[in-house]
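The values are calculated or read from the model by the stated rules, or taken from the named source; none is laboratory data. Since we're looking at a predicted model, the values are computed, not measured. Neighbour counts run over all protein chains shown; Cβ positions are idealised from the backbone, glycine included. Note: areas computed on protein heavy atoms with side chains; ligands, DNA, RNA excluded. Shrake-Rupley method; radii C 1.70, N 1.55, O 1.52, S 1.80 Å.
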Amino acid sequence: MAEEPIQAAPETPANPTWARVQLARHPKRPHALDYINRIFTGFSELHGDRFFGDDAAIVGGFALLDSKPVMVIGQEKGRDTKQKLHRNFGMPKPEGYRKAMRLMRMADKFHRPIVTFLDTVGAYPGIDAEERGQAEAVARNLREMARLAVPVISVVIGEGGSGGALALGVGNRVLMLENSIYSVISPESCAAIIWRDSTKAELAAAALKLTAEALLKLGLIDTVVGEPAGGAHEDADAAARLLNESLLHALEGLSKLSPDELVEQRYVKFRQMGNFFA
């Protein structure tokens, strides 16, 4: 018996999920450094993984969040062509993830809360990254972030793509901007695998449940952070103010937990994900 044909995805803009994907990828959308410069003060960037080199796709350092010392780490895509090449279009290599973990361990040592900004299509898939242990670097970050004894707040500010984003996303609180996306795979790649046709990306996007509202209902994130009308790119200052309020609220709640309670809360949080499949 012939299989029933899969219905085509609705045309944009009738597909609200695909509209969110386009907003998350908007070329003028604020990136990690845009938020760091607007929300934090005294940012002192730290470089290098102490093994291979410095990956500009990940930026991080000590800063002050409303006079509170924190470690802030973000995935940075760059704005113009020169910056994008320098930042490798926001796709970190192993040295980027190892740099991030070095900074997280430093924050843990000095009892500083950690804030991470997720904005990448995924970890860099090039042969040089594979030769230097891309999968191992991502896996190690997942394990070590689960063990940190300080508050960890992760924020999806644009595209949260696959393990490349999750490697900075094992937080006690996971926040998502209203028009950001977070998924195990991009809609184009999903469509290419499922239907062998990347043009069905709109259909895949709807099936992936990658919007902030959908993920909040599934219990995979904790908070949806509002954006200015039209998207964060319309008013970066207003977007930063809204995010700043959410960060302070999350940090206030986590500051009441002991180190052991922070580790346990983070462990239970991620162990419960997916339990609706049981």
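Output the pairs from LYS99/LYS256; LYS93/LYS269; LYS77/LYS99; LYS68/LYS217; LYS84/LYS209 with a Cα-Cα distance over 23 Å in this structure; if there are none, say none. Too far apart for the 23 Å limit: LYS99/LYS256; LYS93/LYS269; LYS68/LYS217; LYS84/LYS209. Think of a 1.4 Å ball rolled over the protein heavy atoms: the chain then has 49 Å² of accessible area per residue. The Cα atoms of the range 59-122 give a gyration tensor whose axes a ≥ b ≥ c have a/c of 1.5 or more with a/b greater than b/c, which makes the shape prolate. Using only Cα atoms, tell me the angle between helix 236-254 and the longest principal axis of the chain; keep it within 0 to 90° and round to the nearest 10. It works out to around 60 degrees. Compared with the alpha-carbon gap, the fully stretched path from SER67 to ILE194 is longer by 40.8 nm at 0.36 nm per residue. Projecting the Cα positions of TYR267, LEU85, VAL21 onto the charge dipole of the chain (unit charges on Cβ atoms of Lys, Arg, Asp and Glu, taken about the Cα centre) puts TYR267 furthest along the positive direction.
For the pair LEU248 and HIS111, the difference between a 0.36 nm per residue extended length and the Cα-Cα distance amounts to 47.6 nm. For the range 153-190, backbone nitrogen atoms closer than 15 Å to the point 7 Å from ALA135 Cα along Cα-to-C-beta are found at 163-164. The distance between label points at ASP128 and ARG50 comes to 2.4 nm (points 7 Å beyond Cα on the Cα→Cβ vector). Peptides 101-109, 257-265 ordered by packing proxy, namely the average of other Cβ atoms within 10 Å per residue, highest first: 101-109, 257-265.
Short-range pairs are left out: with C-alpha atoms under 8 Å and at least six residues apart, the relative contact order of the chain is 18 percent.
Protection proxy ranking, highest mean first, for peptides 74-82, 89-97, 206-214: 89-97, 206-214, 74-82, where packing is the per-residue count of other beta-carbon atoms within 10 Å, averaged.
Would you please classify the overall shape of the range 142-278 from the alpha carbon gyration tensor, given that a ≥ b ≥ c denote the square roots of the eigenvalues, rounded means a/c under 1.5, and beyond that prolate means a/b larger than b/c while oblate covers the rest? Judged from the Cα gyration tensor, the range 142-278 comes out oblate (a/c at least 1.5, b/c at or above a/b).
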